[in-house]
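K.L.:
Quick one: the structure is below, questions incoming.
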Amino acid sequence: MTKRFDREHSLEEIKANPNFDIVVIGGGATGLGVAVDAASRGYRTLLLEQADFAKGTSSRSTKLVHGGVRYLAQGDVRLVFEALHERGLLLANAPHLVRSQPFVIPSYRRWDSFLYGLGLKIYDWMAGRYRFGKTELLGAERVAELLPNVEKRGLRGGILYYDGQFDDARLAVNLAQTCTEAGGVVMNYARVTGVIKDAGGKVNGVTAVDLESGAELNVNARSVVNATGVFVDDILRMDQSNGRPMVRPSQGVHIVLSRDFHKGDSALMIPSTDDGRVLFAVPWHGHLLVGTTDTPLDQHSLEPIALEQEVDFILDTLRRYLVNKPERSDVLSIFAGLRPLAHNGNGQGKTKEISRSHKLVVSSSGLVTITGGKWTTYRKMAQDTVDQAVRSAGLPFQPCRTASLKIHGYLQKAPVEKQFAIYGSDAGAIAVLAQQYPELAEPLHPEFPHVAAEVVWAVRHEMARTVEDVLARRLRVLFLNARAAIEMAPIVAKWMAKELQRDTSWIQRQVELFTALAHNYLPEADLSEDTAPAKQKTGAAIRS
Ligand SMILES: Cc1cc2nc3c(=O)[nH]c(=O)nc-3n(C[C@H](O)[C@H](O)[C@H](O)COP(=O)(O)OP(=O)(O)OC[C@H]3O[C@@H](n4cnc5c(N)ncnc54)[C@H](O)[C@@H]3O)c2cc1C
């Protein structure tokens with residue numbers, strides 16, 4: 001059977017042969033990494049995601065591929081070494097998505113430049129041949145050149161250093177495509193509802209539901225990997241009802257502003273906020289992404305909602321460093337994500353002190369659970385997980401191949417079709433689509449460069465099933481400008497309906513669902529009582 005990245009095709013493959021070596025639950029960074037690793041080693045692999053790929057935390061990160069300057073300050077040298085190494089591998093394997101980003105730390109106190117400069121020189125040295133650029137100490141004038149809107153009163157100088165930046169949700173889709181190309185099967189909108197066990201109590205499969213048709217799926221597996229981020233404890237309870245929690249969710253919020261508040265190419269890094277964290281203001285897709293916060297939570301959801309005080313905290317902190325200060329009404333989008341921080345056992349203390357490194361656990365039933373970590377280290381997490389799954393299941397060992405595996409879209413140089421550069425090697429095909437059918441070259445919104453061909457492409461080749469999939473995770477407009485995303489929803493729904501052969505009631509329902517969801521991303525000032533539906537807590541349902 002030829003491999004196509006297509007949901008119907010995945011369903012047919014599962015039905016034709018429901019026996020897999022490795023079944024992965026969860027289509028975020030962690031699960032996708034595991035599925036790519038397992039499939040590329042030659043194991044028959046299936047990944048099931050209950051929503052869209054990267055619907056959870058993996059589309060809501062700060063978009064940094066980084067060693068973590070802060071972890072170095074905390075003395076977590078091993079984690080920083082590993083992450084810097086992985087940062088280099090990711091740039092090599094997905095150059096169409098990862099780029100070197102200059103960061104500037106402005107300093108207002110005499111010793112700050114020296115101290116941060118020293119730390120970042122060590123960071124450079126630790127990166128070795130994977131260094132992204134050379135750290136430099138800067139005078140106040142140069143800092144003001146690189147950060148034109150920075151507060152100049154009391155400015156003494158600063159530091160320039162380099163880290164990586166990427167598009168998280170697009171990397172997720174590209175990983176799903178890579179998995180398929182390596183022989184794996186991936187399916188979105190397929191929720192795992194239970195684990196199946198043999199007479200000896202060993203997990204040997206899962207039950208799932210196809211959320212589009214409502215049909216049940218039963219699949220057999222030599223090994224089942226639970227890679228469900230903040231949801232890992234839910235799956236663990238399917239295995240053992242009285243297990244101890246592994247994860248402590250911590251919410252991180254970002255706001256998005258116009259580039260008018262920060263015109264240079266360099267990102268601003270604020271090394272110590274009032275709560276002892278770092279805050280980044282990073283240019284991203286023509287906008288400015290600012291965050292994040294760290295708020296311990298007791299519950300988890302697929303659509304976490306930013307708290308008023310988190311948005312205020314980000315704005316207040318940023319305003320202290322800028323001359324032209326953003327107001328709440330300047331915020332274009334607000335999004336929240338949940339860190340699946342590995343629980344340190346006692347359940348006490350602030351979340352930023354709980355380990356960022358990953359945790360791999362094998363239950364007595366053989367269920368393998370992987371949690372914690374970062375996007376940056378997803379590949380290494382996957383390698384450790386597959387090694388473990390293979391050992392536990394007694395599968396014949398095959399070595400890991402991902403250190404040099406090119407990720408779908410791989411393109412060393414920017415494509416000639418600059419407008420579609422983010423698609424890497426797919427850019428040419430999208431441009432051809434737009435040339436062949438002039439109506440597909442029509443822009444979707446005056447404030448964004450996207451055209452209808454990208455919607456058609458997302459449905460045909462990127463498994464997009466809902467308006468939210470396209471606007472939130474294929475084009476990223478929801479994360480950049482929620483109001484513009486709401487305005488784009490009807491035209492996106494129209495093109496999708498044509499591709500998916502859906503009727504006008506589907507269009508109407510999709511627009512309603514998306515509009516309700518997108519209101520969660522608007523600043524409160526933008527909500528008028530008559531137009532704003534109650535803030536909803538779940539993602540757009542797939543069935544209309
Ligand atoms: C605010 C914030 C900023 C961050 N910034 C960075 C950064 O700049 N750089 C970096 O390297 N890392 C960053 N991280 C960390 C990184 O984003 C996470 O470590 C990573 O995304 C976690 O991925 P995951 O796959 O474990 O979880 P998720 O992305 O949440 O994926 C879990 C998936 O499992 C699915 N699932 C759950 N239950 C089921 C079920 N029953 N059946 C099927 N599927 C199911 C969910 O729908 C979800 O898609 C950040 C995290 C946060 C919160």
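K.L.:
How compact and how long is region 125-233, expressed as Rg and Dmax of its alpha-carbon atoms in Å?
P.N.:
In Å, with Rg to one decimal and Dmax whole: 24.7, 72.
K.L.:
Taking the alpha-carbon distance from Lys202 and a cut-off under 13 Å, which aspartates and glutamates remain once sequence neighbours fewer than 8 residues away in the same chain are dropped?
P.N.:
Those aspartates and glutamates meeting the cut-off are Asp239.
K.L.:
Further, regarding this structure: What are the ³J(HN,Hα) couplings of region 35-48, residue after residue, when phi is run through the Karplus curve with 6.51, -1.76, 1.60 and θ = phi - 60°? Round to Hz, x for glycine and proline.
P.N.:
Running phi through 6.51 cos²θ - 1.76 cosθ + 1.60 with θ = phi - 60° gives 5, 5, 4, 5, 5, 6, 7, x, 7, 6, 10, 10, 10, 10 Hz.
K.L.:
Still on this structure: Please report how far the C-alpha centroid of region 19-50 lies from that of region 114-142, rounded to the nearest whole angstrom.
P.N.:
Between the Cα centres of region 19-50 and region 114-142 lies a distance of 38 Å.
K.L.:
Calculate, axis by axis, the spread of Cα positions in region 444-528 along the three principal axes, and write the results as whole Å, longest axis first.
P.N.:
Answer, in whole Å and largest first: 37, 27, 20 Å.
K.L.:
Cα-Cα over 21 Å: which of Lys55/Lys374; Lys197/Lys374; Lys3/Lys418; Lys3/Lys359?
P.N.:
Lys197/Lys374; Lys3/Lys418; Lys3/Lys359
K.L.:
Let me see the P(r) profile for region 218-347: every Cα-Cα distance counted, bins of 5 Å, each bin given as a percent of all pairs.
P.N.:
In whole percents, the pair-distance histogram is 2, 9, 18, 18, 14, 12, 9, 7, 6, 4, 2, 0, 0.
K.L.:
Relative contact order for the chain: what is it in percent, counting Cα pairs under 8 Å that are at least 6 residues apart? Don't skip to the answer; put the middle values down first.
P.N.:
Details: 1144 pairs, mean separation 99.1, N = 544.
Relative contact order comes out at 18 percent.
K.L.:
Per-residue HN-Hα couplings for region 217-230, Karplus 6.51 cos²θ - 1.76 cosθ + 1.60 at θ = phi - 60°, whole Hz, x for Gly and Pro?
P.N.:
Taking θ as phi minus 60°, the curve returns 10, 10, 10, 9, 9, 6, 9, 10, 10, 9, 10, 9, x, 5 Hz for region 217-230.
K.L.:
On to the next question. How do the peptides 331-338, 68-75 rank, highest first, by the average count of neighbouring beta carbon atoms within 10 Å per residue?
P.N.:
Per-residue Cβ counts within 10 Å, averaged per peptide and sorted highest first, yield 331-338, 68-75.
K.L.:
If you don't mind, there's one more thing I want to ask. Round to a whole angstrom and tell me the spacing of the C-alpha centers of region 370-420 and region 215-254.
P.N.:
Each part's Cα centre sits 21 Å from the other's.
K.L.:
Given a 1.4 angstrom probe, what's the average accessible area per residue across the chain, in square angstrom?
P.N.:
Numbers: 21390 Å² over 544 residues.
For the chain, the solvent-accessible area averages 39 Å² per residue.
K.L.:
Which value, in Å³ per residue, describes the convex hull spanned by the Cα atoms of the chain?
P.N.:
Hull volume over Cα atoms, normalised by residue count, gives 147 Å³.
K.L.:
While we're looking at this one, here's another question. Take the alpha carbon atoms of region 457-507, find their center, do the same for region 61-103, and report the distance between the two centers in whole angstrom.
P.N.:
32
K.L.:
Among rounded, prolate and oblate, which fits region 39-106 when a ≥ b ≥ c are the square roots of the eigenvalues of its C-alpha gyration tensor, a/c under 1.5 means rounded, and a/b larger than b/c means prolate?
P.N.:
Since a/c reaches 1.5 and a/b is larger than b/c, the shape of region 39-106 is classed as prolate.
K.L.:
Determine the sum of side-chain charges near Ile422: Lys and Arg each +1, Asp and Glu each -1, restricted to other residues whose C-beta is under 15 angstrom from that of Ile422.
P.N.:
With Lys, Arg at +1 and Asp, Glu at -1, the net is +2.
K.L.:
Continuing with the same structure: From the Cα trace of region 202-254, what convex hull volume per residue do you get, rounded to a whole Å³?
P.N.:
So the per-residue hull volume is 120 Å³.
K.L.:
Could you report the accessible area of Asp260 in Å², rounded to 10, computed with a 1.4 Å probe on the protein chains as they sit in the structure?
P.N.:
90
The values are calculated or read from the model by the stated rules, or taken from the named source; none is laboratory data. Since this is a predicted model, take the numbers as computed values, not measurements. Methodologically, a virtual Cβ is constructed for each residue, glycine included, from the backbone with ideal geometry; neighbour enumeration extends over all protein chains shown. These area figures cover heavy atoms from the full protein model, side chains too; ligands, DNA and RNA do not enter into them. Shrake-Rupley method; radii C 1.70, N 1.55, O 1.52, S 1.80 Å.
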